1. Let me see the pair-distance distribution of the stretch 467-603: every alpha carbon pair, 5 Å bin width, integer percents in order.
2. Spelling out what I want: for every residue of the stretch 478-483, take phi, set θ = phi - 60°, compute 6.51 cos²θ - 1.76 cosθ + 1.60 (Karplus), and round to whole Hz; glycine and proline get x.
3. Under 5 Å between amide hydrogens, which residues at least 5 positions from PHE170 or on another chain qualify, with H placed 1.01 Å from N in the peptide plane?
4. Using DSSP to define loop residues, name the trypsin sites (Lys or Arg not before Pro) in the stretch 181-265 whose beta-carbon has at most 15 other beta-carbon atoms within 10 Å.
5. For the stretch 162-260, what log10 I(q)/I(0) values come out of the Debye formula at q = 0.25 1/Å, with one point per alpha carbon and no solvent?
6. Enumerate the calculated ³J(HN,Hα) couplings along the stretch 779-795 in order (Karplus 6.51 cos²θ - 1.76 cosθ + 1.60, θ = phi - 60°), each rounded to whole Hz, writing x wherever the residue is Gly or Pro.
7. Rolling a 1.4 Å sphere over the protein heavy atoms, what is the accessible area per residue of the stretch 162-260, to the nearest Å²?
8. Given a 1.4 Å probe and every protein chain left where it sits, what share in percent of the accessible area of the stretch 44-144 is carbon and sulfur?
Amino acid sequence: TTSASGMDCVEEEVDFNWEEYLEETGATAAPHTSFRHVELSLQSSFQPGMKLEVANKGSLDTYWVATIITTCGQLLLLRYCGYGDDRKADFWCDVMTAGLHPVGWCAQNNKMLQPPKAIKEKNSDWTEFLIKELTGSRTAPANLLEGPLRGKNTVDLIVVGCILEVRDAFEPNVYWAARVQSNIGGRLCLSYVGLNDPAYDMWMFYLDTRLRPLGWAKENNLSIKPPTDLCDLRSTSEWTEALDEATAKALKSPLPLEVFKDHADLHTHSFRAGMKLEMVSPKEPFHICPVSVTKVYNEYYFQITVDDPTAEATPTCVVCHADSPGIQPVQWCLKNGVGLERPQGFESQDFHWADYLKHTGTEAAPDVCFPNASQNRGFCKDMWLEAVNPLQPSELCVARITQVKGRLLWLRLEGLTKPLPDCIVDVESMNIFPVGWCEANGCPLTHLLKTVCLPQKKIAVVQPEKHCSQLFINHRCFSGPYLNKGRIAELPKAVGPGKCAVVLKEILTMLINSAYKPGRVLRELQMVEDPQWNCQEETLKAKYKGKSYRSNMRIVRTADQVSEFCRRVCERLQCCLNLFGPTIVSDKCPENCFSQTKTKYTYYKKRKVGRPSLGENAQDGDMTKPARRRKKRKAIFVQKKRRTSIVGYQTTESPQEEDFEEWGSEVSSSSPREETSAHSFKDVPRRGRPPRRAALQRRATHPEPETSDRSSPRRTTRSVSYSQNQTAKNTHTKTESFEEEDRLVLERNPLEWSVSEVVDFITSTDCASLAKIFQEQDIDGQALLLLTLPTVQECMDLKLGPAIKLCHQIERVKVAFYSQFAN
């Protein structure tokens, strides 16, 4: 197809990411807990109550029997036998590294079984105690404690090549052996032994009730015969020979019985031959049709046949049990507003159950036959999941729930080359899986096809005013509070030429992804608009911390409006007007922004969109005045001292959200960089204030040129004098003894610190390795005082430990500021 904008639009496959898709569309994934079979597949092979032998703690070469209390992955919580209900000696061990052995291992290897010393006196005859303890108990299988299957989850015990027995699809008392060709998260591809043609492979989840361990049929006096519908493909001798060979190999390394520990026990049914009911069509699960119970095998199994009165029709039969998915009572469709497929060959156009039952002389199966008819397991309409394509069982597709009725779901399978009607599955179906299951198990997923528009490969007459020349990104210009200067420096110096909207969209996307918080910049860009502009709407996207954001923005499309558009964007982002646009800045920016930092750049005070500046000067020329305005500074920072955070920090608001809007407007209360002034930090007694919380009492220890007169050693913080010139840097360092806690004393207001002074301070602390970050991000004194623990972690990309360490040093500066300069 061709769009109006001269683009060829085609459906093509693109990388599909569930998280991005759900974020972009606002869709909801079906909860993982709704998929009971998947939850069971993730459980450990070990079960609480199992017994094993484990080494005695503190007693070399002696062992004792222990009971598994609980499991967590490959970790087991054990309790030595003899402790009863006493939990005080419970201990965890890793099945992959601990010396765990099956019961009987000590006897086979001449090792001593001896109870722990703590309980040795509790019993006079431990041998008899063990006999009673182990009688009737379940021991941990040897192959789960040693060898290639050691520590594996239940589902991983099923390896390629192992043999199971499969119940016949048409005869419930007949089984035949099948070989595992692949195991994808418990979803097994099976081939009948003796039949190596992939065309006859079948897919089942390992919890399917049709699957049993090798030898099951013989133990339960059931028949072992080739599959009813496939037996003619091989001679009797070929089937038998293949079975004997496969069985002999399988018995050498049998499948652990733990694989079947979660198989559901079948419930007895109440159906009788001749009863009518409704069922999802076994062949085409896109509709529900009338069916009949045509045979009852035993108290567990019965046969259902799809009603079809035509004489030449081949009966469609299926073996069912009480909990078979998709069976419903008569009138279920009518009560739930669902269409019921009329039986093939039925004469009347209108189907009514009362007439049909009377006509056929049959009865409806009573409601007692359907004990769990209303269960929905938490599924809702418009939830998303992954589902097996019923016509191609090897394929899994992205699927959306279009409706939920009782325990049935209608699924729309996406991405199929030939669309199917909504397929109907039971909520307990083992052919549906949670979002992300395929990716987690390395299974291909058929997903949605996206419409992608590509430029047509033809020469077109394009109006010149819709093209713009190159737009430049001037790396040295002031980046403002929203954009990370380090990321800006990595961007190309120019973008274009090309269509105005295309070039602008490309450069805006770069700026968004250079932001501290892209979502915030997206919101700001939405505010850039002018009714007089000739615009087109474009979708801008961003990623942040694994989440995707998107918003629509109107972008100019004529060259004469590009310059004003760029200027308005820069104003909105509170950066230099020349950060990007048609003007290239080589050595010196006309806005003189090179020397400015996040808080000293005040060009936009008059144009500022956010809240009014708390420290705004009456005249622009105030920037050059050295006069200090402490009262206004107090107003700025006292207002921000609003909440406390973890580990005892007295924090300010995060500049990532609100404080960034204040940066650049508060600075009017600070004086310019003073070349000859110096500030120094000293540790002095704390006067008139209670001790800070424990988190603020940690101080780094540094060697001191002088020591106090106290006899007991005290920890002090290195005190260094700083200045812009080399002479002041050699100022003498002072330390004093103190009664309660050491703290910093500043000779110069931290509001007036330049970036280099902040870097000098950080270098003097035990966070010296982080000083480079402060230099790169142009953090001066005012910006330093706005930093909080969340901001430090996000903007500087620090782990919790280093971030807390850094915030401790920043807190010392804040305490000194409030004490010395805020009044």
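1. 2, 11, 21, 24, 22, 13, 6, 1
2. 4, 8, x, x, 8, 9
3. THR228
4. Here the trypsin sites (Lys or Arg not before Pro) that fit, given the DSSP loop and packing criteria, are LYS261.
5. With one equal scatterer per Cα and no solvent, log10 I(q)/I(0) is -1.68.
6. So the J values, rounded to whole Hz, are 8, 9, x, 5, 5, 4, 6, 8, 6, 10, 4, x, 5, 4, 5, 7, 6.
7. Accessible surface, normalised per residue, equals 48 Å².
8. 51
The values are calculated or read from the model by the stated rules, or taken from the named source; none is laboratory data. Note that the coordinates shown come from a computational prediction; the quantities given were computed from them, not determined experimentally. Methodologically, a virtual Cβ is constructed for each residue, glycine included, from the backbone with ideal geometry; neighbour enumeration extends over all protein chains shown. Surface accessibility is based on the protein's heavy atoms, side chains included, excluding ligands, DNA and RNA. Shrake-Rupley method; radii C 1.70, N 1.55, O 1.52, S 1.80 Å.
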